[in-house]
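Colleague: Pasting a structure below so you can have a look.
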Amino acid sequence: MLVDGKWTADWQPVQASDTKGGFVRQVSGFRNWVTPDGSAGPTGAGGFAAEANRYHLYVALICPWASRTLIARKLKGLEDVISVSVVNPQLSDQGWTFGFYPGTGPDDINNATYMHEIYTKADPHYTGRATVPVLWDKQAGTIVNNESADIVRMLNTGFGDLASGPDLYPEALRAEIDALNAEIYPRLNNGVYRAGFATTQLAYEEAFDGVFAMLDTLETRLQHGGPFLLGAALTEADIRLFVTLVRFDAAYHGLFKCNLRRLADYPALSAYQATMLAVPGVAGTVSIEHIKAGYYSIKALNPNGIVPKGPDLPGLAPVSVEGQN
């Protein structure tokens, strides 16, 4: 991680632990917002007006948080407005790197080798982990935001008439979306990480139980509704759930020890995943090859680096991200 702008130690998956040995996720450090007129958003400072070709998105196809933003960019028709760089899936001793794995490319915006160089370009004294996604302002030469939930919402409304597509956070559904997000995130989205990176049996079992209780609840919900979580409308809640589900059997079931059941053992959730993959553009953001190469490169969990041959996800073609630099 970075301490006062200097890389100080090899990358490690566990950022912090609580008193039970549970995984604690780092709080995002950049929280500015792009808005149609450049006024300040819910957090941070103003000055980030919506403009075509001003902003750049750094993502990893392995990462569910980054994939949220890539899906939102696609659904909102912003491929020609916001350029993209995809980092290598394998995590090096200095974290995310650029440019040698199929489907990635060099950093043509800042000519960085490591993602942490983007952070120190924005803040020479930055302390913390250099995570993705990152929304970068090419004009100001700084990070706008590195919190995926914020970026999804600003892609939905912050680019004004430059965007199109469905409203992912419609006002009439906001209370329900917020309630779903608040339930699904700690138990499932982050719950799989809390299980995989637990350092005590107690912390692992608590996280494990939460993961499958949430999957069971969602299975029942989708058996009696659908096709999306809130009925006919695809919302940000679906994006946030889907990115975890599509990684479950390939990574979380085995590597993260979430092995009570596979996603394939849930008929309604499996049908829901297929529905999401059929939404135009969504399947093009998913790379099972990147997902497996990335997760199984985590030395703390897989010291020999052996990548499993399965499972395959039917119907996926090689990913080519539109607008990638």
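Colleague: Take the residues in the range 80-120 that are of a type in the set (Asp, Glu) and open to solvent by 30 Å² or more (accessible area, probe 1.4 Å); name whichever of them is nearest to LYS292 (Cα to Cα).
Modeller: ASP93
Colleague: In this structure, does LEU173 turn out to be among the hydrophobic types (A, V, I, L, M, F, W, C), touching a Ser or Thr at 6+ places or on another chain (Cβ under 7 Å), crowded, with 18+ Cβ neighbours inside 10 Å and modelled with pLDDT of 95 or more?
Modeller: Yes, satisfied.
Colleague: Of all the residues that make up the range 153-198, how many are of a type outside the set (A, V, I, L, M, F, W, C), more than 17 Å from ASP216 (Cα to Cα) and assigned to a helix (DSSP H, G or I)?
Modeller: Total satisfying the criteria: 13.
Colleague: Pick from ALA268, ALA278, ALA264: which is surrounded by fewer than 19 Cβ atoms within 10 Å (Cβ to Cβ) and farther than 25 Å from GLY210 by Cα?
Modeller: ALA278
Colleague: Follow-up. Return the total of residues in the range 271-315 being in contact with a Ser or Thr (Cβ under 7 Å, 6 or more places away or on another chain) and without any contact (Cβ under 8 Å) to a residue 24 or more places away in the chain.
Modeller: 1
Colleague: Sticking with this structure for a sec: Of the residues LYS76, LYS20, which is in contact with a Leu (Cβ under 8 Å, 6 or more places away or on another chain), open to solvent by 40 Å² or more (accessible area, probe 1.4 Å) and among the basic types (Lys, Arg)?
Modeller: Selected residue: LYS20, the only one of LYS76, LYS20 that is in contact with a Leu (Cβ under 8 Å, 6 or more places away or on another chain), open to solvent by 40 Å² or more (accessible area, probe 1.4 Å) and among the basic types (Lys, Arg).
Colleague: Counting just the residues of the range 125-146 that are open to solvent by 40 Å² or more (accessible area, probe 1.4 Å) and in contact with a strand residue (DSSP E or B) (Cβ under 6 Å, 6 or more places away or on another chain), which one comes out modelled with the highest pLDDT?
Modeller: Among those residues, the one meeting the criterion is LYS138.
Colleague: Same structure, new question: Report yes if ASP150 is modelled with pLDDT of 95 or more, of a type in the set (Asp, Glu), within 16 Å of the chain's Cα centre (by Cα) and outside any strand (DSSP E or B), otherwise no.
Modeller: Taking the combined requirement at face value, the residue satisfies it.
The values are calculated or read from the model by the stated rules, or taken from the named source; none is laboratory data. Just so it is clear, the model here is predicted, and its values are computed rather than measured. No Cβ is skipped: glycine too gets one built from the backbone with ideal geometry, and neighbour counts run over all protein chains shown. SASA here: full protein model, heavy atoms, side chains in, ligands and nucleic acids out. Shrake-Rupley method; radii C 1.70, N 1.55, O 1.52, S 1.80 Å.
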